[in-house]
1. Could you check, for the range 326-334, whether at least one of its residues is at pLDDT below 65, surrounded by fewer than 19 Cβ atoms within 10 Å (Cβ to Cβ), more than 21 Å from the chain's Cα centre (by Cα) and polar (S, T, N, Q)?
2. Looking at (1) surrounded by fewer than 17 Cβ atoms within 10 Å (Cβ to Cβ); (2) over 25 Å from the mean Cα position of the chain (by Cα), which is the one condition that is false for P48?
3. Which one of these is without any contact (Cβ under 8 Å) to a residue 12 or more places away in the chain and either part of a helix (DSSP H, G or I) or surrounded by 20 or more Cβ atoms within 10 Å (Cβ to Cβ) (or both): S145, S93, S111?
4. Can you give me the ranges of the helices (runs of 4 or more DSSP H) entirely in the range 219-297 with at least 2 residues that are free of Cβ contacts under 8 Å to residues at least 60 places away in the same chain and farther than 29 Å from R90 by Cβ?
5. Being surrounded by 15 or more Cβ atoms within 10 Å (Cβ to Cβ), among the polar types (S, T, N, Q) and part of a loop (DSSP other than H, G, I, E, B) is the requirement here; does N118 meet it?
6. Scan the range 114-142 for residues that are without any contact (Cβ under 8 Å) to a residue 60 or more places away in the chain and among the small types (G, A, S) and jot them down.
7. Has the range 8-24 got at least one residue that is in contact with a Pro (Cβ under 6 Å, 6 or more places away or on another chain) and surrounded by fewer than 23 Cβ atoms within 10 Å (Cβ to Cβ)?
8. Take F27 and decide whether it is closer than 23 Å to F234 by Cα, without any contact (Cβ under 8 Å) to a residue 60 or more places away in the chain and either in contact with a helix residue (DSSP H, G or I) (Cβ under 8 Å, 6 or more places away or on another chain) or buried (at least 20 other Cβ atoms within 10 Å of the Cβ) (or both).
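The values are calculated or read from the model by the stated rules, or taken from the named source; none is laboratory data. Bear in mind that the values here come from a model prediction, so they are computed numbers and not experimental data. FYI the Cβ positions are ideal-geometry reconstructions off the backbone, even for glycines, and counts take in every protein chain you see.
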Amino acid sequence: MLDLHVWGSAFGLPSIDAECLAIITYFHNVLPASSWRLIPSNDPSVSPSNLLPALNHEGSWTSGFQPIVQYLASAALCDDLDENLSPIQRADSVAYSAYLRAHAGPLVDLSLYVSAANWATATRPAYSSLLSFPLTWTVPTLIRSEAIKRAEHLGLAELDSDFDPSSGLHLSSGRDALPETFRRHIPLMTKKTVHEEMTPEQATAIRLFGLTEDCLTVLDDLIKGEDEDHPRSFAEASITSLDCLAFGYLALMQKPAVPRAFLKDWLESKTPRLHKFVDSMLALSIAERGELPWTVPHPTSAVRFSGRVFDSVLRHLPNVGERYASEVRHRAEQQTKGLDQRAMMLIAGVVLTGLATGYGFQTYRAMQPFGASTQSWQPRRTQSRLSEFGQLGSMLSSAMGPIQPMPSGLDFGTRDDGGPGGRLVEVDAEVD
């Protein structure tokens, strides 16, 4: 039995991830439903490589679309969708697959993750429906951070605020950052070029338009076929692994209902053949082939779930999170098990960071509120026994004033001017 672990369904598609969607389509076209199970685990840690999609075949794990396809072909577990392709076509398939990952993947990242409006409206709610609390607070933001890093080289960070000039200072600089009343009195030293006259929003939109055109035009030239209603990448084959991978990326461009639907609008207006390709693949390769063999994942133990929560929290910590993620990636690539020197150093760093954070928190709690006056009540030497009742007694004793001792005996001490005091004498006197 083949167990395929993937991210769960979203946007009316079997999966929210492009490669998961591609491998589901591949399996559904080469294997009967009785020979494999589709498990929406939504947990990359089920695989040793910490990556979905992941195939478990008799204890052997394989992750990623292309490695899984190669594993199925090498183990002769099913028919090969690319068996009828010529060597040149196979080379083209490999090249276009790499092109999809390098160009279509970042466009999907821009649309679903980098765009703040699309993320808040569609993508994050989709992940929240797939994950359990409290992972809904930690895992989606980590996924978005990784997507932003993958699309960082495109230079479209403004999409993070969706072209809102008031949302960040990175959209304005220099003279444009000054108020209008100030700018009127500043002379223009040089004449602006056309690029300088454009607002950051316009420049970003033009660059985004160019990236979309470059990528989807190439794919539109690739996916033609003899049937206009059911276009495919190679006319001789009904469906190939390249079709499955292209469907994974193009479906996530077309199907999600997002407010900034620049990819969907382009597919509908500029490349209608790609739009038909997505609808055809969804109808013929998914819907008409019967129900997918969904299987409920095994209940996660409390220890494993707590470990995943702790893992996601660690990845959010400044500095420590980056080192931890790097160590996890290194151990997965090297297939390292147990504790080595790198792991011990990482654990020691996490422990020391936790101790320092705890000490700082306790010190902060012990501090007086900033700006508040401090009052303390100290007992006086000549004070009543009210001071025995703590600060409240000292406060009452001070409010009542010092206790004046009663004179004892006949000695009044000294006068206020420093002279000798008098003595009390009884005198019998008669008054006429």
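1. yes
2. (2)
3. On the way: S93 fails: without any contact (Cβ under 8 Å) to a residue 12 or more places away in the chain; S111 fails: without any contact (Cβ under 8 Å) to a residue 12 or more places away in the chain.
Testing whether each residue is without any contact (Cβ under 8 Å) to a residue 12 or more places away in the chain and either part of a helix (DSSP H, G or I) or surrounded by 20 or more Cβ atoms within 10 Å (Cβ to Cβ) (or both) leaves just S145.
4. Values: elements: 241-254, 262-269, 272-280.
Counting at least 2 such residues, we get 262-269.
5. On the way: surrounded by 15 or more Cβ atoms within 10 Å (Cβ to Cβ): yes; among the polar types (S, T, N, Q): yes; part of a loop (DSSP other than H, G, I, E, B): no.
No, not satisfied.
6. Our first condition is that a residue be without any contact (Cβ under 8 Å) to a residue 60 or more places away in the chain; within the range 114-142, this holds for 114, 116, 119-120, 124-125, 128, 133, 136-137, 140.
Once the filter is applied, which keeps residues that are without any contact (Cβ under 8 Å) to a residue 60 or more places away in the chain and among the small types (G, A, S), the range 114-142 yields A116, A120, S128.
7. The answer is yes, given that some residue of the range 8-24 is in contact with a Pro (Cβ under 6 Å, 6 or more places away or on another chain) and surrounded by fewer than 23 Cβ atoms within 10 Å (Cβ to Cβ).
8. On the way: closer than 23 Å to F234 by Cα: yes; without any contact (Cβ under 8 Å) to a residue 60 or more places away in the chain: yes; either in contact with a helix residue (DSSP H, G or I) (Cβ under 8 Å, 6 or more places away or on another chain) or buried (at least 20 other Cβ atoms within 10 Å of the Cβ) (or both): yes.
Here the answer is yes, as F27 does meet what is asked.
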